[in-house]
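The values are calculated or read from the model by the stated rules, or taken from the named source; none is laboratory data. Computed from a prediction, not measured in an experiment: that's the story for all the values here. Note that each Cβ is placed from the backbone with ideal geometry, even for glycine, and that neighbours are counted across all protein chains shown. For the accessible areas, the whole protein counts, side chains as well, though only heavy atoms, and no ligand, DNA or RNA atoms are used. Shrake-Rupley method; radii C 1.70, N 1.55, O 1.52, S 1.80 Å.
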Amino acid sequence: MKNHIKRIAAPRTWVLNRHERTFALRPNSGSHSLHSGLALGLILRDMLKLGATTHEIRKILLNTEVLVDGKRTKDHRYMVGLFDVISIPELKKHYRVIFDRKGRITIIEIPAAECNVKLCKVVGKSVVRGAKIQIHLYDGKNILSDATVAVGDSLLVSLPDLKVKEVFALGVGCSVFLAKGKHSGDMGTVKELKTEEAVYTATQGGDVATA
């Protein structure tokens, strides 16, 4: 795999000055797709402005504790994606990765009380040894839980131990956040669920059908 990607060819979800430099830092393969994730070094350098060069960012990661979902990482190419939490305890700063209204990856600062929880969509379930239920989450994480959940539901889990704190069932009246498609980054309330699509009322007004 190539270590870099040309900025002009980078996914449209990346917020970059495409004419400032030729290449952008390419993240290692991880729990998010290239379309929905960024390299940690790119976020620290270009979004948070903690360093002017990748070399400076690498030194920061080696000498300063930077947590992603509650776990320290020193890899400047670590893939960070939707709803991941980046914490820098020394600065007492915490951030969450989201999509903006145009479907682009961005970060928002969050209070310390929110840095220990994360909302995760359930994308699958399986039975493992001991007849235990393993829940597969959208970001590649797998957890064992006795909670009654269905594929499509969302879990509020604690970080970094991934204990289920609350279950949000997918149904009429629940709040949704779109992560893919032309409405990526949009939010609304589910109005109707069909076999292959759902209709939600967007926060900006109007009903939208999505698969």
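Can you say whether residue 192 is more than 30 Å from residue 72 (Cβ to Cβ), among the charged types (D, E, K, R) and in a strand (DSSP E or B), as far as the supplied structure shows?
Values: more than 30 Å from residue 72 (Cβ to Cβ): yes; among the charged types (D, E, K, R): yes; in a strand (DSSP E or B): yes.
Criteria met by residue 192.
Of 206, 185, which residue is surrounded by fewer than 16 Cβ atoms within 10 Å (Cβ to Cβ) and on the phi > 0 side of the Ramachandran plot? Steps first, answer last, please.
Values: 185 fails: surrounded by fewer than 16 Cβ atoms within 10 Å (Cβ to Cβ).
Checking each option against the conditions leaves just 206.
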Give the residues of the range 125-147 that are part of a loop (DSSP other than H, G, I, E, B), open to solvent by less than 100 Å² (accessible area, probe 1.4 Å) and touching a strand residue (DSSP E or B) at 6+ places or on another chain (Cβ under 8 Å), sorted by residue number.
138, 139, 141, 145, 147
All but one of (1) of a type outside the set (Asp, Glu); (2) outside any loop (DSSP other than H, G, I, E, B); (3) out of contact with any Ser or Thr (no Cβ under 6 Å at 6 or more places or on another chain); (4) farther than 21 Å from residue 180 by Cα hold for residue 96; state the number of the condition that does not hold.
(4)
Looking at 100, 69, which one is within 30 Å of residue 188 (Cβ to Cβ) and buried (at least 18 other Cβ atoms within 10 Å of the Cβ)?
69
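Going through 166, 109 one at a time, which residue ends up being surrounded by fewer than 16 Cβ atoms within 10 Å (Cβ to Cβ), among the acidic types (Asp, Glu) and under 21 Å from residue 36 (Cα atoms)?
Values: 166 fails: under 21 Å from residue 36 (Cα atoms).
Residue meeting the stated conditions: 109.
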